[in-house]
Amino acid sequence: MFAATSPYAALLAALFLVLSARVIFARRSASVSLGDGGDPALQRRIRAHGNCAEYAVFGLFLLALAEAGGLPGPWVHLLGLMLLLGRLSHAYALSFEGAGQAFRVAGMGLTFTQIGVTAAVLLVEGVL
């Protein structure tokens with residue numbers, strides 16, 4: 001079992017479900033069955049949802065590989081927290097028009113750092 005990775009997977013799954021529900025409710029409210037119907041608020045929600053799907057799964061996959069490879073728990077938690085906070089910050093920035101660019105930049109910075117560092121750990125672990 002991936003004891004250190006599992007809580008981050010569960011929390012990111014909850015974030016994904018919340019973002020999914022926000023898209024569904026916005027589509028119903030705007031009477032849009034498919035796509036965004038040109039509604040800017042719906043476009044933002046769709047991108048927040050899609051972006052979470054695009055990055056969270058990849059980050060979790062790398063995190064699980066690092067844990068399985070023996071990365072110590074505190075490091076797994078640090079990387080998992082970076083991914084979680086990055087995805088929360090980015091989702092907030094994309095979901096709400098007035099959220100500010102700083103949350104988006106911070107979210108992507110944390111996410112890219114987590115993916116990059118975890119990939120580097122896996123590469124070094126695989127080579128050595």
| task | Would you confirm whether any residue within the range 26-34 is under 30 Å from Glu125 (Cβ atoms) and in contact with an Asp or Glu (Cβ under 8 Å, 6 or more places away or on another chain)? | result | no
| query | Does the range 97-105 contain at least one residue that is in contact (Cβ under 8 Å) with a residue 12 or more places away in the chain, in contact with a Gly (Cβ under 8 Å, 6 or more places away or on another chain) and not aromatic (Phe, Trp, Tyr)? | reply | no
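Each row is one residue, and each column tells you yes or no for (1) at positive phi; (2) among the small types (Gly, Ala, Ser); (3) exposed (fewer than 15 other Cβ atoms within 10 Å of the Cβ); (4) modelled with pLDDT of 95 or more.
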position	(1), (2), (3), (4)
Ala3	no, yes, yes, no
Ala9	no, yes, no, yes
Ala13	no, yes, yes, yes
Ala30	no, yes, yes, no
| message | Taking the criterion of being in contact with a Phe, Trp or Tyr (Cβ under 7 Å, 6 or more places away or on another chain), surrounded by fewer than 21 Cβ atoms within 10 Å (Cβ to Cβ) and free of Cβ contacts under 8 Å to residues at least 12 places away in the same chain, would at least one residue in the range 35-55 satisfy it? | response | no
| message | Which numbered condition in (1) more than 16 Å from Phe2 (Cβ to Cβ); (2) at pLDDT 95 or above is the only one that Gly126 fails? | response | (2)
| task | Being surrounded by 15 or more Cβ atoms within 10 Å (Cβ to Cβ) and at pLDDT 95 or above is the filter here, so list the residues in the range 104-118 that pass it. | result | Ala106, Gly107, Met108, Leu110, Thr111, Gln114, Ile115, Val117, Thr118
| Residues that are among the small types (Gly, Ala, Ser) and closer than 15 Å to Val117 by Cα, drawn from the range 74-106 | Gly80, Gly86
| note | So, first residue in contact (Cβ under 8 Å) with a residue 24 or more places away in the chain and hydroxyl-bearing (Ser, Thr, Tyr) in the range 117-128, second residue surrounded by fewer than 10 Cβ atoms within 10 Å (Cβ to Cβ) and assigned to a helix (DSSP H, G or I), Cβ within less than 7 Å, six or more apart or across chains; the pairs are none
| Which one of these does Arg87 not meet: (1) among the basic types (Lys, Arg); (2) in contact (Cβ under 8 Å) with a residue 24 or more places away in the chain; (3) more than 17 Å from Ala13 (Cβ to Cβ)? | (3)
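The values are calculated or read from the model by the stated rules, or taken from the named source; none is laboratory data. As the structure is a prediction and not an experimental result, all values here were calculated from the model. When we count neighbours, we look across all protein chains shown, and the Cβ atoms used for this are built from the backbone with ideal geometry, even at glycine.
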